[in-house]
Amino acid sequence: MNATDLLLALALLLLAGSALLARSVQIASVLFIAFGLLLALVWVRLGAPDVALAEAAIGAGVAGALLMLAASEFESRRIGGSRAAGPRLPWPRPQGWRPRWALVLLALACAAVLLLAVLAIEPLAGAATEAVARNLPQSEIAHPVTAVLLSFRAYDTLLEIAVLLVAVVAVQAAPAPPQRALAHDPVLARVAAITVPLALLVALYLLWAGSSRSGGAFQAGAVLAGAVLLARFASLPLDPQSRLTRPPVLALGLALFILIGLVAGALAGAALGYPSGWVKPLVLAIEAALMVSIGATLVALFGGSKTA
Amino acid sequence: MSGVSIWLPTGSALVLFGLLGMLLASSILRKLLAFNVMGSGIFLLLLALRPPGPDGVADPVAQALIITGIVIAIAATALGVRLARRYFELSGHTELPEDRAATRDD
Amino acid sequence: MTEAMTEALLLPLLVLWPLAIGLGLYALPERASAALQVLGTLVLAGLIATVFATMLASPEPLRAALGGWAAPLGIELVADRLAQAMLLLTLLVYAAVLLYAQAYFAHGSEAAQRFWPLAWMLWAGLNAGYLSADLFNLYVALELVGLAAVGLTALTGQSTALAAALRYLLAALLASNLFLLAVVLLYAATGSLALDSIGAHLAAVGTTPWYAKLALALVLVSLALKTALAPLHFWLPAAHGNAVTPVSALLSALVLKVSLLIFLRLWLEFAPALDLAALGLLLALLGLLASVWGSVLALTQRKIKMLIAYSSVAQVGYLFLPFAWLLPGGLGAALALEATVLHLLAHALAKAAMFLAAGVLVLSAGRDDLVSLRGAVAREPLAFAALTLAGVSLIGLPPSLGFAAKWQMMQAALLADQWPWLLWLLGGTLLTAAYVFRVLRLAFLPTPEAFEARAPLPQRLSLCALALALLAALGGFGAAALSDWLAAETLLWPGSGA
Amino acid sequence: MLEALTWLLLALAALFFSAGTLGLLRLPDTLSRIHALTKADNLGLGLAALALLLHAESWAAAAQIGLIWLLALAASATSGYLIARRCLLESHGTPASTLGAPPPGAPPT
């Protein structure tokens, strides 16, 4: 145990606790974003840079932003635009918690048992881990995490994209409340004009890097979504008619994944398999389509609608 | 592997925090936030229980599972947030009826 | 060549095909919708027929390693007879519900546009849940099912439905996290995610570590929450009662069942390694509680769809009853397994039929309380017949499938020499009869005049309900054959006799 | 020598970061808080980047560190400006609700 880890762990717990107890959900979501960024650091410490990238971009960024957006909408509408009256406390005061002691005790007991269990478990080297190392050359994908995501356990990834799509379809069924336009801002527009192309470049790099290093379609898609949203905030003419969030674009990634999974799978002798020698181009094609669809999906989750 | 073991209590505590939040918080958004905290705790336990090998790289299977889990969590969170916004739009409430007790939360 | 290709693609197609149809329904123009769905259903029926045909040739379950990577590295799909029964049930219920929905949504509803893609993706998720033999993959499949179900629940867009969908979502998310925690514990302890290798590992350890029991307990709580076993049923009635009718039918008939099936699988896998007698007894007691409590609440409902939803709470109780005898080496284990499967099928068919029939009566009366039932005999005789036949199966009168299920349950209890359960079963039957007759009695009262002016509904609506109800009510004739067919494959552990 | 310089730079960076954080927590109003944050933190980040530059393995790595610093500068300057503008508008009585307003490209429904 070293001091850095201890400090990191304490800060993590502090942020999580204060996010859950924060005075308002707006504050809570800001603290949650900080929590997520710190967690990304922890992932790096634990030797999982791929997870760190996904956490920072998707876990902290998108989730926190979604919560903050909704919280500020609630706040502004409930009290007609003026800030809540009453004293501002230096330290967040728990509000709206009904102490249900039975539940608290139950949760505490569960957590104690859980802690005992995880301390008692003797981690096995694990058949799956060894198998990954053994079969990596045969998979023809250099990066082990990408090999797991798109070859060994590609089926998980496919279903997970389906989950994401289901969420978008369901989200579009419950239309977002009317939205106010943001005033055009020259400074933001100028900065965005430089940043957005750079972000697009980063997205492409992450996509390309995924085959040999950390990165991949999810991280790239998140960066892509960030670029599109920034362009929207700054009124840049990227995706002006919300073409990106139309059903064919959203469905593209999964459709291509299924198509390749079946056609290439039929040639390879197993669904979601790749014929030998074709792995790299096929995986790249799937990842590219996934990047576009994931980016569009994340944008759509923020409020794009089907009929623009 | 004493360097890893500190994350076991940390992960368990995050699971506890998230569980308490999901059970006790009244606002829908807070419950969703707590769901995410709980999920992070579970993922932390997963990686802490699969210590990195001599090359310092964590179990790739565990990493892939966590990435999948993060994406699923964001899908669920986004759906929950949109339903909560729509519900607020229609009813003016940020809590579900059974949680709408004494104190108002935001 | 073709044979090898069928082997490789057959099982994955059962998941990928409905997913692709769902994508098409979402992304393609609406005029393609009907043709796409007819094509989709027919192809899926063909696939399922092929699975049955292949299985008849050999008694072994069908297996497919996705991507050609065998477990524990890759994910395997397994179609044993349990999975096949579920695939067929899902096909039947879906065929009826989709036909029904075509006519139902013609009555001016905007929800249809979203209903089709979500329903098909839900189908993919259900099939994925039946077939998967990988713990984490089961989690992903459950999420697909859960989010699609929540999206479907919210389709009406009314505030009560949204609140129900949110409650459902939050319950489902808590359940998923508990499931995920169990996955983490088991993966860390055994280094594998494949169900059979986890089970084998735990059995091989000899004295199984206690945290394996903790993991199973977490799975139990999680899936009991998703299956709405009392006292974790709080989310169910509002969600099922406030959704549009085709959705109510899918949720109660199939979504509740996939989590039960997964639980049953894990139970069968872990039972040899862990001593589950006490847990089985607890489940059976909770099941009894549910069957009584749900029926009592059903008796007090004023809206017809809420009544049917509370009846699901009661019927889910019966599903957990046989776990008391479903133990390795236990007398009556085979009977208990058959009873669970039969009851699962019976409830799915009967409950879907009830919701569909109730939807017809609500539409024709223009209101959703029990008054809408008045005069149903004269107004919608076919829907009334469907309601009656489904009720017969729910109560468990011969020759219904529900009767066969309860009969097997009684046999299992007798074989295990635990006859007091019989009293409870009879009491539960009386309660069920009470609320079913409460519904049926109203149908014979004269129709209030306010209902008369409405335009007649298409017959197709009632016929869909009737088809499912007939299957439930007459299924008892085929129950023996079904039991034999199930018993032909060793689903249970070696050495546990009937 | 190099070690000592690195430590010195890092210590200075930490000092500026602490000052910025203290300002964020203690200063009375939003504008001065932004001031503390953007100024002190940018300087702190610059010093930390400089310390890392001394240890860069190649010119490419050094260029990356420099680029990161520039981007962080641009981001903090822009967000600082946006917050300040919001603050100013709000003090003139414009509703606070535009903070969470969704992007303009997304129309209602």
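Points to keep in mind about this one:
- Matching entry among C:Ala165, C:Ala154 (being at the interface with chain A (Cβ under 10 Å from one of its Cβ atoms), surrounded by 24 or more Cβ atoms within 10 Å (Cβ to Cβ) and in contact (Cβ under 8 Å) with a residue 24 or more places away in the chain): C:Ala165
- Residue in segment B:56-70 that is modelled with pLDDT under 95 and surrounded by fewer than 24 Cβ atoms within 10 Å (Cβ to Cβ) present: yes
- Test: residue in segment A:31-39 that is surrounded by fewer than 22 Cβ atoms within 10 Å (Cβ to Cβ) and touching a residue at least 60 places away in the same chain (Cβ under 8 Å): no
- Some residue of segment A:42-57 being at pLDDT below 95, more than 9 Å from every other protein chain (Cβ to nearest Cβ), part of a helix (DSSP H, G or I) and more than 19 Å from B:Leu65 (Cα to Cα): no
For (1) of a type outside the set (Asp, Glu); (2) within 14 Å of another protein chain (Cβ to nearest Cβ); (3) within 24 Å of A:Leu267 (Cβ to Cβ), each residue gets a yes or a no:
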{"site": "C:Pro12", "(1), (2), (3)": "yes, yes, yes"}
{"site": "C:Tyr26", "(1), (2), (3)": "yes, yes, no"}
{"site": "C:Leu47", "(1), (2), (3)": "yes, yes, yes"}
{"site": "C:Val51", "(1), (2), (3)": "yes, no, yes"}
{"site": "C:Tyr104", "(1), (2), (3)": "yes, no, no"}
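- Per-region count, segment C:458-498, residues under 23 Å from C:Leu56 (Cβ atoms) and either in a helix (DSSP H, G or I) or at pLDDT 80 or above (or both): 13
Okay, residues lined up against (1) surrounded by fewer than 22 Cβ atoms within 10 Å (Cβ to Cβ); (2) closer than 30 Å to C:Gln113 by Cα; (3) without any contact (Cβ under 8 Å) to a residue 60 or more places away in the chain:
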{"site": "A:Val196", "(1), (2), (3)": "yes, no, yes"}
{"site": "A:Ser212", "(1), (2), (3)": "yes, no, no"}
{"site": "A:Gly221", "(1), (2), (3)": "no, yes, no"}
{"site": "A:Val228", "(1), (2), (3)": "no, yes, no"}
{"site": "A:Thr245", "(1), (2), (3)": "no, yes, no"}
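- Looking only at segment C:178-226, and only at residues there that are assigned to a helix (DSSP H, G or I), touching a Ser or Thr at 6+ places or on another chain (Cβ under 8 Å) and within 25 Å of B:Pro60 (Cα to Cα), the one that is farthest from the other protein chains (Cβ to nearest Cβ): C:Leu202
- Looking across segment A:108-160, just one residue is in a helix (DSSP H, G or I) and among the basic types (Lys, Arg), and that is A:Arg134.
Okay, residues lined up against (1) farther than 23 Å from C:Met121 by Cβ; (2) in contact (Cβ under 8 Å) with a residue 24 or more places away in the chain:
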{"residue": "C:Trp210", "(1), (2)": "yes, no"}
{"residue": "C:Leu216", "(1), (2)": "yes, yes"}
{"residue": "C:Ala224", "(1), (2)": "yes, yes"}
{"residue": "C:Phe234", "(1), (2)": "yes, yes"}
{"residue": "C:Thr245", "(1), (2)": "no, yes"}
{"residue": "C:Ser252", "(1), (2)": "no, yes"}
{"residue": "C:Val255", "(1), (2)": "no, yes"}
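- Test: A:Leu259 is under 18 Å from A:Glu160 (Cβ atoms) and touching a residue at least 40 places away in the same chain (Cβ under 8 Å): no
- One residue stands out among those in segment C:256-312 that are farther than 17 Å from C:Ala334 by Cα and basic (Lys, Arg): the one that is surrounded by the most Cβ atoms within 10 Å (Cβ to Cβ), which is C:Lys257.
- Some residue of segment A:185-192 being surrounded by 22 or more Cβ atoms within 10 Å (Cβ to Cβ) and acidic (Asp, Glu): no
- In segment A:128-135 there is no residue that is surrounded by fewer than 18 Cβ atoms within 10 Å (Cβ to Cβ), more than 7 Å from chain C (Cβ to nearest Cβ), modelled with pLDDT of 85 or more and under 30 Å from A:Ile27 (Cα atoms).
- Number of residues in segment C:228-240 that are surrounded by fewer than 24 Cβ atoms within 10 Å (Cβ to Cβ) and part of a helix (DSSP H, G or I): the value is 1.
- Unique match (being in a loop (DSSP other than H, G, I, E, B) and surrounded by fewer than 22 Cβ atoms within 10 Å (Cβ to Cβ)) among C:Ala103, C:Ala70, C:Ala85: C:Ala70
- Selection count, segment C:19-48, where residues are in contact with a Phe, Trp or Tyr (Cβ under 7 Å, 6 or more places away or on another chain) and not in a helix (DSSP H, G or I): 0
- Residue in segment A:253-273 that is assigned to a helix (DSSP H, G or I) and among the aromatic types (Phe, Trp, Tyr) present: yes
- The residue that is farthest from the other protein chains (Cβ to nearest Cβ), among those in segment A:142-167 that are under 15 Å from the mean Cα position of the chain (by Cα) and of a type in the set (Val, Ile, Thr), is A:Ile161.
The values are calculated or read from the model by the stated rules, or taken from the named source; none is laboratory data. Because the structure is a prediction, the values reported are computed rather than measured. For neighbour counting, all protein chains shown are included, and Cβ atoms are generated from backbone atoms with ideal geometry for every residue, glycine included.
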